[in-house]
Amino acid sequence: MPNRNRLHGEEGRAYWSMVLPAFSIYLLVMAFPIVLSIVLSVSNYSGGKMFGGEPWGFAGLKSYARVFSDPLFWNALKNNFYIVLLSVFGQLPLGFIFAYIIYRRLVKWPGFWQGVLYVPNIISVIVVGLLWQTIFSPNGPIAEVMNDLARAGFQSRLEALFASVGGFNVDDGLVSKILDMAGPAALDWFSDPVPELKELILSYEGAPLSELIGDLCNLFVPRWSPEFLSKPNIAMLPVLFVILWMYTGMYLILFLANMQKIDSQVIEAARIDGASEGQVMRYVILPALSGTIVNSAILAISGSLSSFSLIFAMTGGGPSRVTEILSIYMYNNAFLGRPNLPLANAISLVMVVISFILIGLTKMAEKRYGGKEE
Amino acid sequence: MKRMIAAILLIAVAAVGGFAQEKVTLTVMNYQQADQAGYPEDVKIWQDFQAANPDITLNIEVLFNDPYHQKLQAYAAAGTMPDVFYVWPGARSAVIHEKKLAKDLNQLLGAAYLKDFSASATNPANQLGGYMAMLPQSFTYTSVMYVNTKLLADNGFKPPKTYADLKKMVPKLKAKGIAVAMLPNKDAWPMQSCLFSTVVGRMAGDDFLDAILAGKAKFTDKPFVAALEVIQNLYKDGILSREDVQIGYGEAAGMFASGKAAIYIDGDWRAGAYITDKASGKALISPAAQDKDFALMPFPAIPGEKNRGVVSAVAGTGWAVSASLPAGSAKEKAATRLIQYLYSNDVQAIRFNTGAYVPTRKGVKADVEPLVAKVPVFYAENPATCYVIDGVLDPAVYNVINDGLIAIGLGTKTAAQVAAETQAAFESWKASK
């Protein structure tokens, strides 16, 4: 940057003529929205024309108070932290290890593995979200396999039961045993379980036993459904798995590119001195890449906090908002039903503050433990 | 003579100049999706207007679902509302109504024009702002049971009249791999809009919801909890499957048509999904089968219901004109002409024909397929209606109900818990007002 004292005359004009357009665009598309977001977050703006319409004014920190008192915010924050933790302590180490394995050619066809691990990154996020949503759906492939397994088990037990009574010999005892096998939930489907089920079974008299057994399986085998998605403590597991699957390849490429910059003679010297692969990784590669690791961690943290599209496509924050993250929570407040822009802006600013804190912590960790990148 | 010719020419030039109309450009926001039934007809509707009105240029922006609402919201914030736009009568378009961003169509269209529409459509009380910001194209029944009568008959059942009838079907139909009823609820709103509103209407009634809004009753009171328990029992008794909570709204119509369920619960608008698609010539349910094998019914009588047979219904969507158009301006006149065209007998007949809705315009005749023809019959047979919850409660409250109904479906929350959460959300919303 030129010396401030020298910014006059022709040089000053030339300087400003080059800086001003970009600076103006920055003000318009970056600085103005940020300032507007801060202003809106402490306002009572309730929609309609923002400038020159119905007046709106300062409302204090009401929106922030509402954010922090909303259990949905804490649930979304918790989910975001799961993603941050997974990114920093899952994607980065895995990406690093894969990169090291490929870089040191510890596997055959390293180029192939590099490609395979990176492929999820080049697929559209929406496509990935919909793909995994289908995989986990009640009509998807996992459900089909689980249903087939459950059905096969129930069917063999039914066949054994009918064999033990010598075929189609229906009495209350047999019916009760079938109901026991079906479990307590099935009892709710009948007003009077034993006589009603007995009547149903007797209606198959004359039909092949296999038909009756097949229909009893239809009736009693519970269909697999990703109900675990509804449990707040484990609902995020499938989402986290997909995030790990999708983004690890990106860090692999980042680490691999930087490993390739390391002087191979240093590694060879370490190996000649008797260092194992693990020691080479620990004492040569890792310190040399500490800067890259920090930058990757910053990328991972900011990416995790701002992630939206994958989870929006995969679960939409559901079921019952248990997989909601901060960005979806903000989106829902901004656009779902009656928009609440002050609240949505307050959420976005809380996200920014959290990002700064986490990035600051990462920087501190690097200062404390990091090596110097060559 | 020369003077006379010159005078005639002068008058002719003046006349032509006087009559030549200035070309007006209208910005329009249309709500449409290219893969929806009725899309080609919609495109033609706009093309026909353009061809018949060369003095008006239409700049049409077409969006669907949330992106539409977001863009409209952004236009409202920027103070650049489109001249003509599509709008909801309730909370979904709250800003339009509350900030009076649309003209009062009562004044713009006039009583003589509006007399051709049903009273429910022209009643300002049916709109959030208390004035006629839009003209509902339909009055929608949000809770209809589409019943596959042939499937039921094949298994020895008649269409259900009571809850007990429904429950009685469970073992036999389940044994045949058929769900008794299907209501996909992954998108959270269908259960509330397409069934729970009717159940609340039956068990508690509109008076009860009015009392809640007036602070004289609570969501934790017995009638509302009882309504939630009905939904809880539907899952517990096996009438609805818990997998329905994981099924998206768009997936279920095809599943019902292929015989995976004997009954499908949705709004009256869904009839359009089953009729013949004009572009492909294919129908999910053939017109012949629509006629003899399918029926539209209200949800059966529920034990303990207070208001027998009521069905949730609400004023439907429609068109609005921006309040920013100067009164008496050429733009306002052009917008009025467009609105009158959109609500004309011909256009409404096309909409009716595609199964989009049954028009509020009186006397619209169309050659509709049997299932769509059954919709007005359903209206006539079920005149008693009740509130649709998302039409009367604020999103801050009804979104909690929507999520709670999913939790009930999954079996992770009880009716009492959801009622308590709803009451808490209501109190929080009231405090924020």
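Throughout, read-outs are computed from the coordinates displayed, never taken from laboratory work. All values derive from a computational prediction rather than experimental measurement. Heads up, the Cβs are rebuilt from the backbone with ideal geometry, glycines too, and the neighbour counts pull from every protein chain shown.
Computed over the alpha carbons of the protein assembly as shown, Rg followed by Dmax gives 32.2, 122 Å. Mean partner shielding of peptide B:409-420, defined as the number of other chain Cβ atoms within 10 Å of each residue Cβ, is 2. Average 1/r across all pairs of distinct alpha carbons in region B:161-302, invert it, and you get the Kirkwood radius: 16.5 Å. Using the Karplus relation 6.51 cos²θ - 1.76 cosθ + 1.60 with θ = phi - 60°, the per-residue 3J(HN,Hα) values for region A:252-261 come to 4, 5, 4, 5, 4, 4, 6, 5, 5, 7 Hz, with x marking Gly and Pro. Only lysine pairs 8 or more places apart or on separate chains count here, and in region B:107-195 those with Cα atoms under 20 Å apart total 16.
Spin-label model, B:A384 to A:N218: label points 7 Å out along the Cα-to-beta-carbon direction sit 3.7 nm apart.
For region A:44-109, the orientation-averaged shadow of the C-alpha convex hull comes to 8.8 nm² (one quarter of the hull surface). Three principal axis extents of chain A based on alpha-carbon atoms, in descending order, are 107, 76, 32 Å. If a spin label sat at a point 7 angstrom from the Cα of B:A164 along the line to its beta carbon, the backbone N atoms of region A:187-214 nearer than 20 Å would be those of A:187-200.
For B:Q417, put the label point 7 Å out on the Cα→Cβ axis and report which residues of region A:61-88 keep their amide N under 20 Å from it. Backbone N within reach: A:70-79. Between B:S258 and B:K100, the simple label model (points 7 Å from Cα in the Cβ direction) yields a spacing of 5.4 nm.
Considering only DSSP states other than H, G, I, E and B, which trypsin sites (Lys or Arg not before Pro) in region A:1-107 qualify as loop sites with at most 16 other Cβ atoms within 10 Å? Show your work: numbers first, answer last.
Working: sites: A:R4, A:R6, A:R13, A:K49, A:K62, A:R66, A:K78, A:R104, A:R105; in loops: A:K49, A:R104, A:R105.
The qualifying sites are A:R104, A:R105.
Using alpha-carbon pairs under 8 Å, 6+ residues apart, how would you state the relative contact order of chain A in percent? Rounded, it is 30 percent for chain A. Averaged over the residues of A:317-325, the number of partner chain Cβ atoms lying within 10 Å of the residue Cβ comes to 5.
With only alpha-carbon atoms in the gyration tensor, what are the semi-axes of the equivalent ellipsoid for region A:128-174, in Å, largest first? Mind showing how you got there, number by number?
Numbers: eigenvalues 279, 15, 6 Å².
So the equivalent ellipsoid measures 37, 9, 5 Å along its semi-axes.
When the P(r) is computed for region B:176-215, the part past 13 Å accounts for 64% of the Cα-Cα pairs. Each listed q (0.08, 0.11, 0.13 Å⁻¹) maps to a log10 I(q)/I(0) for chain B, found by the Debye formula over equal Cα scatterers with no solvent: -0.49, -0.88, -1.20. Lysine pairs in chain A whose alpha-carbon atoms fall under 21 angstrom of each other, counting only those eight or more residues apart or on distinct chains, come to 4.
Helix-only arithmetic for chain B: the sum of -39500 (n - 2.57) across DSSP H runs with n ≥ 4, divided by the residue total, places the mean residue ellipticity at 222 nm at -14000 deg cm²/dmol. Just to verify a number: FRET efficiency for A:E54 and A:F168, C-beta to C-beta distance, R0 = 56 Å, to 0.05? With a Förster radius of 56 Å, E is 0.15.
At an R0 of 25 angstrom, the distance between the Cβ atoms of A:K363 and A:Q265 translates into a FRET efficiency of 0.20. Working from the Cα coordinates of region A:141-220, the gyration tensor eigenvalues give, after taking √(5λ), semi-axes of 21, 16, 11 Å in decreasing order.
For region A:108-256, treating each Cα as an identical point scatterer without solvent, what Debye log10 I(q)/I(0) comes out at q = 0.09 1/Å? These q points yield log10 I(q)/I(0) values of -0.50. For the segment A:59-71, counting C-beta atoms of other chains within 10 Å of every residue's C-beta and taking the mean gives 1.
Give, in whole angstrom and from largest to smallest, the semi-axes √(5λ) of the equivalent ellipsoid of region B:87-173, with λ running over the eigenvalues of the Cα gyration tensor. Please list the in-between numbers first.
Numbers: eigenvalues 377, 46, 17 Å².
Taking √(5λ) for each Cα gyration eigenvalue gives 43, 15, 9 Å.
Here each label is just a point 7 Å from Cα along the line to Cβ, and for A:L85 and A:F241 those points are 1.9 nm apart. Taking amide H atoms as placed 1.01 Å from N in the peptide plane, the amide H of B:S143 lies under 5 Å from those of B:D268, B:S312, each 5 or more residues away in sequence or on another chain.
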